[in-house]
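Okay, so here's the structure we're looking at.
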Amino acid sequence: MKNSYRYRWAILTCFVILLGWVGCQDDDMLINQMPAEDRDLTMIPFAPDSFNLVIPEGFPKMEHPEDNPQTQQGVLLGRMLFFDPILSLDSTVSCATCHKPELSFTDGLAFSVGVGGRTGRRSSMSLLNVGFHGPVGLFWDGRAKTLEEQALEPIVDPNEMANTWEEVELRLRRHAEYPDHVRTAFGIQRSSQVTRDHVVKALAQFQRTLVSSGDSDWDRKDRNEFSLDDDAATGEELFFDDIFPDAECGHCHNVKLFTIPEFRNNGLDPVDSVDDYSDKGLGGVTGNRLDNGKFKIPSLRNILLTAPYMHDGRFETIEEVMEHYNSGGHHVTNQDEDNVDNLIRPLNLSERNKREIIAFLGALTDSTFIKNESFQSPF
Amino acid sequence: MKNMLSRILPICLLLFMIIGCDEDNGTVNLNFAAMYDGDPLVMNEVVDYDGSAMRINVSEFYVSEITLSGESGNLTLGETEYVKFTGQTGDARATLSFDVPPGSYDQLSFFIGVPADKNVTKPEDYSSDEALANTATYWQGWQSYIFNKLEGRLDTAGFGSTDLTFIYHSGKDELYTEVVVPLSSAIAVDGNSNNIEIDVEHNDLFKREGGGYLDIAAKPSAHNPDDLEYPTVILNNFKTGVTIR
């Protein structure tokens, strides 16, 4: 009887240890150890519902690829994938690691940190209104023409998720839930049919939902529902050159998105020749050396939430940014190839002017957007 | 059988007419070339501006109501398009292409700018492939499209360094300017491709009526909608500065 009692305790102890050991295993390791079952999904209904995207009045039309219409099921899948580290090599990095909702989908770092603590060479861009990217494409250098094309890169970038698409597809096919979601969004029939195409399409659909709420102070002022305080109101006039001195901001940060679909060299670095830019930006994509030093113009909506600034995060504060532009920046010494924008010249703004412009930029903060429940992690 | 023929024959005729008409359509390319003192303008290269060194690095403008005229009457090619001279490493050129029905034409006309009925619209009213969708060519302060941009740098000290940036943007309904140019020889569109070579003489754009040039150093920017002196001169000079080669 006593031996039987000990025997039972030994079995129970082994069971608890086994349970603990299994519980400590990484989920993805477990998934990888599962047999590669090719599940039939046809019992799951495929009847996607169109997504009702709400765009504030006066915003441009958002264009959706014909082969990737936005659906509720696609957006949900994209949201899950966006916040799920399953896409990265060691399941530690998700899209949201570098694009945090509370920071307007940036990460607060000069250079984003990927798998193994590796860092890239550029700062993560805000995803606010990313669906309105227009003809300039995505990334600081515009190398991806669509959100679908863009989403292919971070998964395999060694400084970001460092994974392979083959591994991602394998994990998702074996996953307990993702094949079902891909079925409801895209109508696959078997779990083995999950591909990278579904992943990038779903991510793109989710990212196209990241639209301004239209509730910033400036938006409400624009609809005559709110009055900016004196500093912000004067700042707006300086911003759009309505009063002197011209701050010239509005040329590149025009309404309603507070950007324009172009690339510009904003004179960050003193160089003798355009060949001397350490980061070639657009020139690295086009191969045209007179595009060197040009980068995509970021939106100023939520700009006070997205420090540090510039493609390499060199400015920690918005005051430093103002000082850069007020100083007139740096032109290329060789004037024959000076491609720095003509508006980069001393502005003669006073300290008060600068404070007023920053007050105006504060009116572009969209707190409703960053708190939107639909943009938070679903896990 | 007769009944069948009477049904098929009209369909065949219609098909023939459609195919036949389509074959007669041709292409007309408006090849705009930026010039300076009679030579092709290379963006950012030094040119002589009334004795001073100057570099032009931005020249772009809207063209509206583009019309071919001639024996075949008036044909509107396009409502509003944008000409943006590019070519930082070579001649600055831009081309607009149109599908044109057969006919004979000996005159081209267009307006620089955006017509008043469209100038009350905004970029968000258009899809991204339309010329008027570009937020870079709309100015909130004026509530107007920017009809043209002409930018560059001028040597004000005479030391060979183009030290002063000039930026002339215009955009008010009263600046909407018609340009009429006879073609050097009539073009006959008949299923073929036709090129019309249009030179925009940039030296002329800065000339004052009655002689002399705009004093760039005295007024290097034109932003204020209430001060249209320089934009008026520049826009008006398109009338004579645009010629057919």
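Between their Cα atoms, which of A:61/A:294; B:84/B:118; A:296/B:207; A:201/A:296; B:122/B:207; A:294/B:239 are more than 29 Å away from each other?
In this structure, A:296/B:207; B:122/B:207; A:294/B:239 lie more than 29 Å apart at Cα.
If r is the Cβ-Cβ distance from residue B:245 to residue A:373 and R0 is 41 Å, what FRET efficiency results, to the nearest 0.05?
Efficiency, rounded to the nearest 0.05: 0.05.
Over chain B, consider all pairs of different Cα atoms and compute the Kirkwood hydrodynamic radius from their mean reciprocal separation; express it in Å, one decimal.
On the way: mean 1/r = 0.0503 Å⁻¹.
Final number for the Kirkwood radius of chain B is 19.9 Å.
Rank these for me by crowding, B:67, A:184, going from fewest to most other beta carbons within 10 Å.
Least crowded to most crowded, the residues run B:67, A:184.
How do A:80, A:43 line up, fewest other C-beta atoms within 10 Å first?
Ascending Cβ contact count within 10 Å gives the list A:43, A:80.
Between residue A:189 and residue B:174, how high is the FRET efficiency from 1/(1 + (r/R0)^6) when r is the Cβ-Cβ distance and R₀ = 45 Å? Nearest 0.05.
On the way: r = 64 Å, r/R0 = 1.43.
After rounding, the FRET efficiency stands at 0.10.
Out of the GluC sites (Glu not before Pro) in segment A:127-208, which ones are loop residues according to DSSP with at most 14 other C-beta atoms within 10 Å? Spell out each step's value before the answer.
Details: sites: A:148, A:149, A:160, A:166, A:167, A:169, A:177; in loops: A:160, A:177.
Here the sparse-neighbourhood loop sites are A:177.
Looking only at other chains, what is the average number of their beta-carbon atoms within 10 angstrom of each beta-carbon in B:126-135?
4
Put a dot 7 Å past each Cα toward the Cβ at residue B:193 and residue A:333; how far apart are the dots in nm?
4.6
Calculate the FRET efficiency for residue A:243 and residue A:304 from the Cβ-Cβ distance with a Förster distance of 35 Å, rounded to the nearest 0.05.
0.95
Can you sort A:309, B:138, B:213 so the residue with the fewest Cβ neighbours within 10 Å comes first?
Numbers: A:309 19, B:138 23, B:213 15.
So the ranking, lowest neighbour count to highest, is B:213, A:309, B:138.
Where does segment A:78-146 land on the Kirkwood hydrodynamic radius, alpha-carbon pairs, in angstrom?
Evaluated over segment A:78-146, this radius sits at 12.9 Å.
Each reported figure results from applying straightforward, stated rules to the coordinates on display, with no laboratory input. Owing to the predicted nature of the structure, the values given are computational and were not obtained by experimental measurement. Quick reminder, even Gly has a Cβ in these numbers, built from the backbone with ideal geometry, and neighbours come from all protein chains shown.
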